[in-house]
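Data first, discussion second: the structure below is written as structure tokens.
The values are calculated or read from the model by the stated rules, or taken from the named source; none is laboratory data. Given the structure is predicted, the values throughout are model-derived calculations rather than measurements. A quick note on method: Cβ atoms are made from the backbone with ideal geometry, for glycine too, and the neighbour counts reach across all protein chains shown.
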Amino acid sequence: MTPGTRLAARRARILRERAIEAALFLAALVSVFTTVGIVYILVKESVVFFEQVPITRFLTDTQWTPLFDDAHFGIVVLLSGTLTSSAVALAIAIPLGTVIAIYLSEFAPFRLREVAKPFLELLGGVPTIVYGYFALLFVTPLLQRIYPELPGFNLLSAGIVMGIMIIPYVSSISEDAMRAVPMHLREGSYAMGATRLQTALRVVVPAAFSGLASAYILGISRAVGETMILAVAAGMQPNLTFNPLEPAATITAFIVQVALGDLPHGSIGYQTIFAAGLTLMLFTLACNIGGHFLRKRFRESY
Amino acid sequence: MDQSRDLEAIRRLIAARKRYDALFGVLGLIALMIGVLTFVALFADMAWNGMGRLDWDFFTHYPSRRPAQAGILSAWVGSTLVMLTTAFFAVPLGVAAGIYLEEYARKNWITDLIEINITNLAGVPSIVYGLLALGLFVYQFGFGQSILSAGLTLALLILPVVIVATREAIRSIPQSIREGSYALGATQWQTVRYHILPYSSAGILTGIIIGMARAIGETAPIITIGALTFIAFLPPAPLKAEPPFVSFEWLFSPFTVMPIQMFNWTSRPEAAFQVNAAAAGFVLVLMTLAMNGVAIWLRYRLRRKIKW
């Protein structure tokens, strides 16, 4: 091999390395494009929507009838459904998820933990439409035995099932956070004569609080964004209520309802779902930003 | 006298504290059991209700107005084709992005931006991906309500899962492996191609399976792009008798998938259709369970076998 061809081969090799790096970089950029795409589409269609419906009416109207002749666009109606069902879900998922996390991290024998963790993961992997079926045809009839006046569609059973679905997300992140608390903190506590429970509640939980906060925030955004359970089990009737015993539509269920129908591209109904989606997106964004500051505020480093 | 009373009080305090400990142990087990029992109830309920419909005909018949003759043929074929499309886009993109971020990326603002983006995208509700796809793939790009649109949507949805799994798998490879490769004169790509990728492949595969298990159960984004709920035909076959033998027409075909078929049956008032929903749900849960089970098993084996 002459020096000339060796040099050429080297040059080709460098060129190939550069090209590969550029290709990999582009693949990594896809995530940025996705975000830009989401914001672009939501804002673009929403702008058209808000040209026809003033934003004050969107925020203050107490009726939501976008597909009727007498159209009203009060997002509060859908927000009430979203907030109520999320509150029910979180009232289940946060206490149970936290107790499970403390139990698995501080109390459970090694064997049980090894079995329980994958099992919880499976629980989180069940398709949400299956949970919707379960809420409508198993949990609601069960609740109706206790409380016969409960309507067939209601926020309560959807919220309960949603809460159980969220438990694995909350417990798994909380447990990781608690396991990351250094052993010497626990040993210090035990040396002072504290019991396991005292150590768990007074030492481990405060030390892991920033991790717990992330887990809760993730739980909230899961609950707010959950769609199929609510579309199936809570009914799709817009209803301004904070009573979980009533049926109501959420932002997500409304989007599904419109998508199931046959709305022409570019009609006001079509744009409404983007405005609703933008509201949802802003809501989860607010949660994430709040979570970020919460984490910063409670971060402990050892 | 006083001392013995103090001792008594302390003993009682300790006993009470120990009781609380035991009580919390029971509480934790109960909380865990609530999760487990829900899952068992869900599974048993669907198996009980749906078992009667689960026969060969159920898999080889189209949906129908008559519940006893309805089947999931178009649904499982649609799900399979959508999953193929999703994997085709999500796997190379996700693995490449993971490799870039672990092996190539310099510490600068672009890298930070990409990382923040991936974290945030993992928290975006899946229905928002559906809206993105409706605006972008269906109308802007003109793909219509097709298998291609659905596959791309789900690919974007599971991309963060694949990227995170790839990064974790790559991160567990010790630096000495890379140094050994470089010392023998390998370039960066050669190191990745012949060392990093093979050693991390099991971990990456775990992530891909978990991502696909999530995609196969996703309903909301696919409904949002406007997939039909009643499809009584199959997409055009990918293989043809005449040249060029392969055809990609199926990518642009209308379709339905398993979760949408189940949703359709669940939302009908007739009990007979809800039996069908139970049967379809049972099949769906079995599929996701099998996929998740394989992933968990792979990870378990991985943890035991690899000792650097």
The number of residues in segment B:166-189 that are assigned to a helix (DSSP H, G or I), more than 23 Å from the chain's Cα centre (by Cα) and under 13 Å from B:ILE99 (Cβ atoms) is 3
Note down all Cβ pairs under 7 Å where the first residue falls in segment B:150-168 and is among the acidic types (Asp, Glu), the second is modelled with pLDDT of 95 or more and surrounded by fewer than 24 Cβ atoms within 10 Å (Cβ to Cβ), and they're at least six residues apart or on different chains.
none
Between a residue in segment B:42-69 that is in the same structural domain as B:ASN276 (by TED's automatic domain parsing) and any residue that is modelled with pLDDT under 85 and surrounded by fewer than 11 Cβ atoms within 10 Å (Cβ to Cβ), which pairs come within a Cβ distance under 8 Å, given they are 6 or more apart or on different chains?
B:PRO67/B:GLU270
Of the residues in segment A:188-206 that are surrounded by 12 or more Cβ atoms within 10 Å (Cβ to Cβ) and away from every other protein chain (no Cβ under 14 Å), the one that is nearest to the chain's Cα centre (by Cα) is A:PRO206
Answer yes or no: is there a residue in segment B:223-233 that is within 14 Å of another protein chain (Cβ to nearest Cβ) and assigned to a helix (DSSP H, G or I).
yes
Could you tell me whether segment A:140-162 includes any residue that is free of Cβ contacts under 8 Å to residues at least 60 places away in the same chain and crowded, with 16+ Cβ neighbours inside 10 Å?
yes
Out of everything in segment A:165-184 that is among the aliphatic types (A, V, I, L, M) and part of a helix (DSSP H, G or I), what residue ends up being farthest from the other protein chains (Cβ to nearest Cβ)?
A:MET183
For the subset of segment B:132-149 comprising residues that are in contact (Cβ under 8 Å) with a residue 40 or more places away in the chain and polar (S, T, N, Q), which member is farthest from B:ILE209 (Cα to Cα)?
B:GLN145
Looking only at segment A:35-66, which residues are surrounded by 15 or more Cβ atoms within 10 Å (Cβ to Cβ) and farther than 19 Å from B:GLY135 by Cα?
A:VAL53, A:PHE58, A:ASP61, A:GLN63, A:TRP64, A:PRO66
Condition (residue is among the small types (Gly, Ala, Ser), under 30 Å from B:LEU154 (Cα atoms) and exposed (fewer than 12 other Cβ atoms within 10 Å of the Cβ)) applied to segment A:12-20: is it met by at least one residue?
yes
Between B:ALA227, B:ALA150, B:ALA202, which is within 17 Å of the chain's Cα centre (by Cα), modelled with pLDDT under 90 and not hydroxyl-bearing (Ser, Thr, Tyr)?
B:ALA202
Can you run down the residue pairs with Cβ atoms below 8 Å, 6 or more apart or on separate chains, where the first is in segment A:27-40 and within 7 Å of another protein chain (Cβ to nearest Cβ) and the partner is surrounded by fewer than 17 Cβ atoms within 10 Å (Cβ to Cβ) and of a type in the set (A, V, I, L, M)?
A:VAL32/B:LEU113
Residue by residue through segment A:72-107, note down the ones that are free of Cβ contacts under 8 Å to residues at least 12 places away in the same chain, surrounded by fewer than 23 Cβ atoms within 10 Å (Cβ to Cβ) and touching a helix residue (DSSP H, G or I) at 6+ places or on another chain (Cβ under 7 Å).
A:VAL99
Any residue at all in segment B:26-47 that's surrounded by fewer than 17 Cβ atoms within 10 Å (Cβ to Cβ), closer than 30 Å to A:ILE167 by Cβ, away from every other protein chain (no Cβ under 14 Å) and not hydroxyl-bearing (Ser, Thr, Tyr)?
no
Within 12 Å of chain B (Cβ to nearest Cβ), surrounded by fewer than 24 Cβ atoms within 10 Å (Cβ to Cβ) and either in contact (Cβ under 8 Å) with a residue 24 or more places away in the chain or of a type in the set (Lys, Arg) (or both): is that true of A:VAL256 in this structure?
no
Do any helices (runs of 4 or more DSSP H) entirely within segment A:46-164 hold 1 or more residues that are facing chain B (nearest Cβ under 10 Å), and if so, which?
A:75-102, A:110-125, A:128-134, A:140-146
Of the residues in segment B:122-149, how many are facing chain A (nearest Cβ under 8 Å), part of a helix (DSSP H, G or I) and crowded, with 22+ Cβ neighbours inside 10 Å?
9
When you look at B:SER79, is it of a type in the set (Gly, Ala, Ser), modelled with pLDDT under 90, closer than 30 Å to B:ILE225 by Cα and under 22 Å from the mean Cα position of the chain (by Cα), yes or no?
no
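Condition check ((1) crowded, with 20+ Cβ neighbours inside 10 Å; (2) assigned to a helix (DSSP H, G or I)) across all residues:
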residue: B:GLY52; (1), (2): no, yes
residue: B:SER64; (1), (2): no, no
residue: B:GLY71; (1), (2): yes, no
residue: B:GLY78; (1), (2): yes, yes
residue: B:LEU84; (1), (2): no, yes
residue: B:ALA96; (1), (2): yes, yes
residue: B:ILE114; (1), (2): yes, yes
Within segment B:3-18, the residues that are more than 10 Å from chain A (Cβ to nearest Cβ) and of a type in the set (D, E, K, R) are B:ARG5, B:ASP6, B:GLU8, B:ARG11, B:ARG12
Would you mind telling me which numbered condition in (1) of a type in the set (A, V, I, L, M); (2) part of a helix (DSSP H, G or I); (3) more than 9 Å from chain A (Cβ to nearest Cβ); (4) within 27 Å of B:THR60 (Cβ to Cβ) B:ILE196 fails?
(4)
Within segment A:4-11, is there a residue that is assigned to a helix (DSSP H, G or I) and within 7 Å of chain B (Cβ to nearest Cβ)?
no
Any chance segment B:82-99 includes a residue that's small (Gly, Ala, Ser) and more than 11 Å from chain A (Cβ to nearest Cβ)?
yes
Taking the stated definitions as given, is A:ALA207 in contact (Cβ under 8 Å) with a residue 24 or more places away in the chain and of a type in the set (Gly, Ala, Ser)?
yes
